[in-house]
């Protein structure tokens with residue numbers, strides 16, 4: 001009898017450790033944020049290979065198709081603008097190589113505009129679920145190569161799944177996606193997920209406002 005009790009005490013912590021973490025609920029402000037992000041219709045606008053107006057994502061008639069041309073940073077800039085939040089954008093910086101510049105700006109000047117560094121994917125997902133706008137941004141080591149930036153969208157994915165594939169994001173890019181994992185969305189930048197070089201920055205949102 002005593003032996004069985006000792007065995008139970010040893011196994012119980014192991015069983016708890018293997019149990020998947022409960023998915024976090026999305027708060028009302030997070031649900032409102034998700035609706036506003038979805039309304040931007042990113043899977044039909046800011047499409048790769050086209051020259052677009054950065055605010056609307058609509059293709060410009062005079063713009064010829066450009067191979068490899070993507071609009072991740074323009075989409076993020078416009079999403080923030082619609083929520084009354086400043087992030088580096090045209091005309092202060094051209095759309096070319098803007099994601100790299102946004103990374104530098106968020107790391108330095110962003111704090112004066114209300115941005116704060118968020119440590120890790122789980123906290124990034126947590127703040128998005130609370131209704132904060134959280135950007136995930138990666139800077140390429142080669143300054144002539146474009147980086148990537150996306151927005152963490154509210155999601156009920158578990159902490160265990162976030163560790164496996166990162167938080168859920170909405171993005172323009174090589175493949176526009178209304179909802180995908182960070183690991184998938186940043187797959188064209190191997191160091192972003194593989195070496196955990198993505199950084200997260202969050203900003204409080206007053207929904208309904210617009211700059």
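Summary table below
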read-out	value
Test: residue in region 186-198 that is within 17 Å of residue 70 (Cα to Cα), buried (at least 23 other Cβ atoms within 10 Å of the Cβ) and at pLDDT 95 or above	yes
Among (1) closer than 17 Å to residue 172 by Cα; (2) touching a residue at least 40 places away in the same chain (Cβ under 8 Å) - the single one residue 39 does not satisfy	(2)
Only listed residue being more than 21 Å from residue 24 (Cβ to Cβ), touching a helix residue (DSSP H, G or I) at 6+ places or on another chain (Cβ under 8 Å) and free of Cβ contacts under 8 Å to residues at least 24 places away in the same chain, chosen from 93, 148	93
Some residue of region 116-124 being at pLDDT 95 or above, surrounded by 23 or more Cβ atoms within 10 Å (Cβ to Cβ), within 22 Å of residue 166 (Cβ to Cβ) and more than 13 Å from the chain's Cα centre (by Cα)	no
Residue match in region 96-109 (condition: part of a loop (DSSP other than H, G, I, E, B), at pLDDT 95 or above and either closer than 18 Å to residue 152 by Cβ or touching a helix residue (DSSP H, G or I) at 6+ places or on another chain (Cβ under 6 Å) (or both))	no
Flag for residue 88 being assigned to a loop (DSSP other than H, G, I, E, B), at pLDDT below 95 and out of contact with any strand residue (DSSP E or B) (no Cβ under 8 Å at 6 or more places or on another chain)	no
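Yes/no per residue for (1) modelled with pLDDT under 95; (2) assigned to a helix (DSSP H, G or I):
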residue	(1), (2)
8	yes, yes
11	yes, yes
29	no, yes
37	no, yes
44	no, no
54	no, no
68	yes, no
76	no, yes
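The values are calculated or read from the model by the stated rules, or taken from the named source; none is laboratory data. This structure is a prediction, so every number in the text was calculated from the model and none was measured. Every residue, glycine as well, gets a Cβ built from its backbone with ideal geometry; the counts of neighbours run over all protein chains shown.
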